[in-house]
1. Considering only residues that are facing chain B (nearest Cβ under 7 Å), over 19 Å from B:F508 (Cα atoms) and not in a strand (DSSP E or B), which ones fall in segment A:58-80?
2. What tally of residues in segment B:625-638 results from selecting those that are open to solvent by 30 Å² or more (accessible area, probe 1.4 Å) and assigned to a strand (DSSP E or B)?
3. May I ask you to list pairs of residues, at least six apart or on different chains, whose Cβ atoms are under 7 Å apart, with the first in segment B:41-55 being within 14 Å of another protein chain (Cβ to nearest Cβ) and the second being within 11 Å of the ligand (Cβ to nearest atom) and open to solvent by 30 Å² or more (accessible area, probe 1.4 Å)?
4. Restrict the check to segment B:253-264 and report whether at least one residue is within 35 Å of the chain's Cα centre (by Cα) and within 12 Å of the ligand (Cβ to nearest atom).
5. Every residue in segment B:166-209 that is surrounded by fewer than 17 Cβ atoms within 10 Å (Cβ to Cβ), farther than 24 Å from B:S325 by Cα and either of a type in the set (A, V, I, L, M, F, W, C) or over 31 Å from the mean Cα position of the chain (by Cα) (or both), please.
6. Select from segment B:808-831 the residues that are hydrophobic (A, V, I, L, M, F, W, C) and crowded, with 19+ Cβ neighbours inside 10 Å and list them in ascending order.
7. Being away from chain A (no Cβ under 14 Å), in contact with a helix residue (DSSP H, G or I) (Cβ under 6 Å, 6 or more places away or on another chain), of a type outside the set (D, E, K, R) and within 14 Å of the ligand (Cβ to nearest atom): is that true of B:L136 here?
8. Find the residue count for segment B:284-294, including only residues that are within 11 Å of the ligand (Cβ to nearest atom) and either open to solvent by 40 Å² or more (accessible area, probe 1.4 Å) or in contact with a helix residue (DSSP H, G or I) (Cβ under 7 Å, 6 or more places away or on another chain) (or both).
Amino acid sequence: MSTQTLDRTTTTAGPTWRRVCSVDDLEVERGRAALVDHAQIALFLLSDGTVRATCNRDPYSSAYVISRGIVGSREDAPTIASPMYKQVFDLRTGSCLDTQGKDPARLRTWQARRSDGDVYLLWGRAS
Amino acid sequence: MSATRVVVVGAGMVAHRFLESLLSRAETPLDVVLLGEEDRHPYDRVGLSRFFAGDDAEAMTLERSVLDDARVRFVAGDPVESIDRGAHLVVTRSGERIGYDRLILATGSSAARPPIDGADLPGVFVYRTLDDVQQLREHVEGMSRQIERPLRGCVIGGGLLGLEAAGALQGLGAEATVIQSSDRLMSAQLDLPAGESLRRLIEQRGITVRTGARTTRLVAGPAGAVIGLEFTDGTAEPADLVVLTVGVRPRDEIARAAGLDCGDRGGVEIDATCRTSDPAVMAIGEVASFENLCVGLVAPGYAMAEVAATRLLGGEAIFGGYDLSTKLKLSGVDVASFGDAFATTPGALDVVYSDPVGGVHKKLVLSDDATTLLGGMLVGDASAYGALRPLVGSVLGADPAAFLLPEGGVTAPTGELPDEAVVCSCAGVTAGGIRQAVHEQGCEDVASIKTCTRAGATCGSCVLMVKGLVSAELTSMGRTVSSALCEHFDMPRRQLFDAVRVSGLGTFSAIIERFGRGRGCDTCKPVLASILSTLTGAHVLDGEIATLQDTNDHVMANMQKDGTYSVVPRMPGGEVTPEGLIVIGEIARDFGLYTKLTGGQRIDMFGARLEELPLIWQRLVDAGFESGQAYGKSLRTVKSCVGTAWCRYGVLDSTAMAVRLELRYRGLRAPHKLKIGVSGCARECAEARGKDAGIIATAQGWNLYAGGNGGATPRHAELLAEGLDDEALVRIIDRFFMYYIRTADKLQRTAPWLEDLDGGIDGLREVVMEDSLGICEDLDAAMDLHVEHYEDEWAATLADPVKLKRFESFVNAPTTADPSLAYTPSRGQARPASTEERRSGEVLIAGTRLEVRR
Ligand SMILES: Cc1cc2nc3c(=O)[nH]c(=O)nc-3n(C[C@H](O)[C@H](O)[C@H](O)COP(=O)(O)OP(=O)(O)OC[C@H]3O[C@@H](n4cnc5c(N)ncnc54)[C@H](O)[C@@H]3O)c2cc1C
């Protein structure tokens, strides 16, 4: 929960691709939560087949619910709307596109890719 | 490229803004270390007094994700003790040595303690940090337990902060006295007449004010704690506690020791680029002294933060000087001062409006030709503050008196606002900047302006101005306010309903391809889910329809603040058997759920995790229950009294009717929630007229009322039909509901829908009883389809492994509980733990399986 212990070793150890689940476990335009080490990740399979990964924690409510929001789009950006207070985030960058009048906050994002029917995360570093 | 090493000293508001700005814009690698003295995440100091209004420390925390950035290391509770400018490093209290390429000092100020005897006695507090207010509250609570009478609190210092502190003491139940050494309150912002007006307002609020009172010492009692104050004139004032708000001192000690140039009155000297006398070191916020002045306001600090971030990234930016405008945050006391409030500009003129009876005193300062606004003071009615502050420096364009008179209709004259007028001083956004955002970035509302320009996102006092500017600009561009559902569909809900119905399209992808654009959003997707449910009767989790649902509909339970859900078993008409009650009790006990009765005559069980929901439903289904829609835009409950079955006064069997109606309309999706009430006689015990459909029994039959609403804008339902038998009643409700479902706007409840409807209640009567539109057959058929297709959504989910997969907590750990959940016992049950409770680690119950048995 604490943000004070962002571990430096994670930046220096270098990221590696880590398998999380199979693509079939995901549903188009609806998120699923995943547990990687002790981190809660939200995974999204978009209608064009891309997989996106963000932190599952909603920065506005501190609840781990991002995977349970509605996937959509804003102009070119694929988006996720938090189910708690409806803030909308860009799934590519994690930046908040509609803060509902709150201060801007960001979702952490990870690089995700699919390969041979499996979903991989570039793990060890958040972009 | 090697990363630029940035060290930021002080983790306050300005440091936080600096990092947010820096990190979101940097394109080259950064390695940032933030060192804070306070042992916590940066928080909203401006909102500190909210602590006494019940906000906990977590609620005041500034956006955490800024420091969650992988480029930042944040160390709390380890202050910097020295700077070695030669070696380019800082040394912290714990002995860590951290090298920098660029050093940012954002150490803020500390509260001053006046050099008088007793200023550090127990019971004497300052008012600057969360620790300060926590200690103050603990002290007051501790003393209140020992002393029978209300506590007496004295605040020394009658400025903005002192008045806020006095309000906080009152909030804690103490009597508050403000001691001010000068002749008036808020002497930095107000002249004597304005100060006098303020004094009356403060006294009306029950706060005692002593002006011209110089404290000579604080007196200790037998226990060593403060018991009173003594003044130069020999008088004394008793006090159980004292709060010192006599000013702040810039925290320039490490800078001074490192030989950086500091101002005569304290503070690290900076130039307009925020650079100190060492080119590698910048200072921002309250610690920075610009033109030999430090200012205790956050807006100039934020402006410096933006300048420093831009400069660090190689850009050009200049700090343009201080805006000293302020507004007091004390409820019920409206005071603001802005611009050259004291008329120091040569030749400046005053225009004053004073109404001592009404407690209002307003002054505008104008240029010598009485055309240009220079500043002003507003006491008792500061409603014009938002409109006037941005006009400082520009031509008023109207009789100044018009801005001062009460009810003067000080509608913000946004049309004429010059482009260079600053509308949002927190973010430094001008009227021109907002107009440009409308023209060039396509902003059409306040929300998009906030996102694009940040205007209105900090203190919010300019939001009305922004709104006015946006609509004026849109109008000038010949635009009208759009009735589009959202950016994906240009038509309103009603038209979309018809489009879907006529086209016969049954999937979201097909509908958006034909009638819209993009991939939808959290506005249009649930609307389409609802429309499709009415038209096709499909299960909420069938195929693509599932992805359209709001979270509550998606998991068929009601999300709570910690991300767990509440489950409300359906109890038609509020009837439940003793066996049923026992089963519910057992389920709640076995899953550790908090239970409470709802306003709709049901039992709510809170704290169920996603992966527990199917297990709970299975238990309910096995016992003959189904879960219920205590969520979603659908029929919620049918509330009833006990009626003729038991009641001595009952005229008709209201409970039986309630059960029938609930079973008929359960699961019906609508533009908004629907509620029904059935009363068995005119005593109206079911409060039916506060519902969307209210039914009241009379000797002649049922009376049906439509369009009632509880909640924030209560409205009584209006009589639609009288003396109905059971069958006629049901048919009319069918038509009323279905007509509403087809024609209402998004999120429009029946009350505003009825107000908008042609002819109102009479118009509705013509449609549903006289078939004036010839659609009744259609409406009846639509409702019959709903009734026919109804299935227990929960039982159907349990029987379908594909749907059940959605209830796995983690895709790769399907039964692992959300590890972040934590609970605290409260009155024999569990509730989510607050952040404070989590931090202290006390009284925590892990989320896995609750053991709150007594
Ligand atoms: C009750 C209250 C109400 C207020 N209301 C308003 C208002 O309505 N409007 C307004 O404009 N302003 C208001 N203010 C003032 C506003 O809070 C400040 O202007 C603002 O917080 C300044 O931000 P800063 O980052 O410069 O300093 P701060 O927020 O004080 O942060 C500086 C931080 O640096 C830390 N620090 C100091 N030395 C070191 C060191 N050597 N090493 C590491 N860390 C160090 C301090 O502990 C502190 O946490 C209010 C203040 C208070 C107390």
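The values are calculated or read from the model by the stated rules, or taken from the named source; none is laboratory data. On a predicted model such as this, the values are computed, not experimentally measured, just so you know. Quick reminder, even Gly has a Cβ in these numbers, built from the backbone with ideal geometry, and neighbours come from all protein chains shown. When the accessible area is computed, the model is the full protein with side chains, heavy atoms only, and any ligands, DNA or RNA have been set aside. Shrake-Rupley method; radii C 1.70, N 1.55, O 1.52, S 1.80 Å.
1. The answer is A:P59, A:S61, A:A63, A:V65.
2. 1
3. Partner pairs satisfying both residue conditions: B:V46/B:V298.
4. no
5. B:T208
6. Within segment B:808-831, B:F810, B:V811, B:L821, B:A822, B:A830 qualify.
7. no
8. 5
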